[in-house]
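Input: a single structure, listed below in structure tokens.
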């Protein structure tokens, strides 16, 4: 019996790219698409409703991490067995979503990530800024070494989770900002979930969401801090709520 698949879209000012993102998702694949709007200033909500999406609106801007918390809470409440997060900014190829779900449904992995880093040339040719590429590579190496994983990229926003992952990880204790993503995967490694990745084409353009250099630095520091906390937790030197204790 096919698992119930729900796609979630954390959205902020995605009016110019939302329809293209949704139309690339194979028709009939997802049981439901939930868009959580983080108090956009454009027509994101109107367009989402016109496309038949389930729409939840934050009455004020809470942040990217807080948006995901609402996404996952609602997907679990609606009985999702596989949850796929796709940014509605048309940066990632949403037509590949069935591949992500299939691997999780078959029990091969608990989490699947869409990796933008198949080769250095391909990644840079897609438009990823050089400083983002270099920081991505350095942080990914550090995260793999610390957690024992062998992922090609830790910082993608294209992800699929089994229900068990979302029920186990205490994601409400995570940041409401961008470092939520890094915290979530480090938590997943701590809990022993099987994480895999698939190469996905990526598009960098003016409409695609992206954090600036200053926020990227804050994100990097937050990621390193979480790795340090992970290490202390694994060594039984501390007990942190981030890891369910």
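When you look at residue 130, is it in contact with a helix residue (DSSP H, G or I) (Cβ under 8 Å, 6 or more places away or on another chain), surrounded by fewer than 19 Cβ atoms within 10 Å (Cβ to Cβ) and closer than 20 Å to residue 170 by Cβ, yes or no? Here the answer is no, as residue 130 does not meet what is asked.
Let's see how each residue does on (1) assigned to a helix (DSSP H, G or I); (2) exposed (fewer than 15 other Cβ atoms within 10 Å of the Cβ):
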| site | (1), (2) |
| --- | --- |
| 164 | yes, yes |
| 183 | yes, no |
| 204 | no, no |
| 217 | yes, yes |
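To keep it simple, each residue is scored yes or no on (1) crowded, with 16+ Cβ neighbours inside 10 Å; (2) in contact with a strand residue (DSSP E or B) (Cβ under 7 Å, 6 or more places away or on another chain).
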residue: 34; (1), (2): yes, yes
residue: 49; (1), (2): no, yes
residue: 58; (1), (2): yes, yes
residue: 70; (1), (2): yes, yes
residue: 102; (1), (2): no, no
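Conditions tested, residue by residue: (1) buried (at least 17 other Cβ atoms within 10 Å of the Cβ); (2) within 16 Å of the chain's Cα centre (by Cα).
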residue	(1), (2)
94	yes, yes
106	no, no
116	yes, yes
124	no, no
146	yes, no
158	yes, yes
174	yes, yes
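Among the residues of segment 116-134 satisfying the criterion of being more than 15 Å from residue 152 (Cβ to Cβ) and in a loop (DSSP other than H, G, I, E, B), which is modelled with the highest pLDDT? Out of the qualifying residues, it is 129. Can you find a residue in segment 191-201 that is surrounded by fewer than 18 Cβ atoms within 10 Å (Cβ to Cβ), assigned to a loop (DSSP other than H, G, I, E, B), modelled with pLDDT of 95 or more and out of contact with any helix residue (DSSP H, G or I) (no Cβ under 8 Å at 6 or more places or on another chain)? Yes: segment 191-201 contains one or more residues that are surrounded by fewer than 18 Cβ atoms within 10 Å (Cβ to Cβ), assigned to a loop (DSSP other than H, G, I, E, B), modelled with pLDDT of 95 or more and out of contact with any helix residue (DSSP H, G or I) (no Cβ under 8 Å at 6 or more places or on another chain).
Based on what the data block shows, is residue 79 closer than 19 Å to residue 45 by Cα, surrounded by fewer than 19 Cβ atoms within 10 Å (Cβ to Cβ) and in contact (Cβ under 8 Å) with a residue 24 or more places away in the chain? The answer is no for residue 79. Residues in segment 1-32 that are in contact with a strand residue (DSSP E or B) (Cβ under 6 Å, 6 or more places away or on another chain) and closer than 18 Å to residue 81 by Cα: 3, 5, 6, 7, 8, 9, 30, 31, 32. Spot the failing condition for residue 225; the list is (1) touching a helix residue (DSSP H, G or I) at 6+ places or on another chain (Cβ under 6 Å); (2) free of Cβ contacts under 8 Å to residues at least 40 places away in the same chain, and only one is missed. (1) is the only condition that residue 225 fails. Residues that are part of a helix (DSSP H, G or I) and over 10 Å from residue 11 (Cβ atoms) within segment 48-60 comprise 49, 50, listed in sequence order. Note on segment 16-32: among residues that are free of Cβ contacts under 8 Å to residues at least 40 places away in the same chain and more than 15 Å from residue 55 (Cα to Cα), the one that is surrounded by the most Cβ atoms within 10 Å (Cβ to Cβ) is 23.
For segment 229-245, a residue qualifies if it is touching a helix residue (DSSP H, G or I) at 6+ places or on another chain (Cβ under 9 Å) and part of a helix (DSSP H, G or I), and the qualifying residues are 229, 230, 231, 233, 234, 241, 242, 243.
The values are calculated or read from the model by the stated rules, or taken from the named source; none is laboratory data. Given the structure is predicted, the values throughout are model-derived calculations rather than measurements. Cβ sites come from the backbone with ideal geometry, for glycine too, and all protein chains shown count toward neighbours.
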